[in-house]
Amino acid sequence: KITNEKKKLETEFSSSELKALDDQIKNLIDKRGKVRNKINISKERSEQIEIKLKKLQEEEKKQHKLVKKREWTEYSKNFVETIRNWFKEAGPKITEALLSRINQLGTELYRELMDKDSIILELKNDYNVILITQENEKEYTQLSGGEQMAAALAVRLAILKLLTKIDFAFFDEPTTNLDFEKRINLAKCIQKIKGFTQLFVISHDDTFEENADFVVQFSKDDFERTEVEFLGKNVIN
């Protein structure tokens, strides 16, 4: 029986069919390899694309930040330009208002210094000082030495008081070109100045000693060294 079955199989077996099957199997194996290779290539490309996508996303974020920064820069630039234009437009008005206050206070101080009630001191935009009376109008260069000193002092005090937060002031040789009477008026005027916690007068003139709270006197010795001769509260007051 076994022999018969063997013969039957040998009769049914075809070497050509077997070869054809082998070829099909080889083709399938080859195709499978190619497919796997394509899959691997596609996977690598997919990974590369993913990396590029992440880089593009990061670049997009950077670009977004740059756009925001540029928008903010443009906004700031426009804002600054607007403020600058406001100041340009308001500048003359601000200057006019400040000059008005300086002139008002300067006039009061000058009147106290010179003991003249009917005179107006005016500081112009070009910083020229003018004295106006009912009779005439004089520029700073036309004033006498005493008038120039008083006008300059009045303007400086007015500016110092109105435009700074400094609560002390120094007067360096303020009596230059002033006669005795005007020096006395100057000393009294300085004593009346309000808005300052401390006033210092540096002078070779003893006019201010009577009205000073403290007096410090300096002198030179034979070797030209400065010595403090007296330091203390004025006993006259």
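Coordinate-derived values only; no laboratory data. What you see is a predicted model; the values in this text were computed from it and never measured. Positions of Cβ are backbone-derived with ideal geometry, glycine not excepted, and every protein chain shown enters the neighbour counts.
Structure summary
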quantity: Long pairs among Lys31/Lys52; Lys116/Lys161; Lys138/Lys165; Lys138/Lys182; Lys124/Lys161, criterion Cα-Cα beyond 29 Å; calculated: Lys31/Lys52; Lys138/Lys165
quantity: Nearest 10 degrees, 0 to 90: helix 180-192 Cα axis against the chain principal axis; calculated: 40 degrees
quantity: Convex hull of the chain built on C-alpha atoms - directionally averaged projected area, nm²; calculated: 38.3 nm²
quantity: Beta bridges per DSSP with both ends in the chain, % antiparallel, nearest 5; calculated: 75 percent
quantity: C-alpha long axis of helix 145-163 to longest principal axis of the chain, angle in °; calculated: 40 degrees
quantity: Cα-centre dipole for the chain with unit charges at Cβ (Lys and Arg positive, Asp and Glu negative), debye to 20; calculated: 3940 debye
quantity: Listed residues Asn185, Leu28, Phe196: farthest to the positive end of the dipole of the chain (Cβ charges); calculated: Leu28
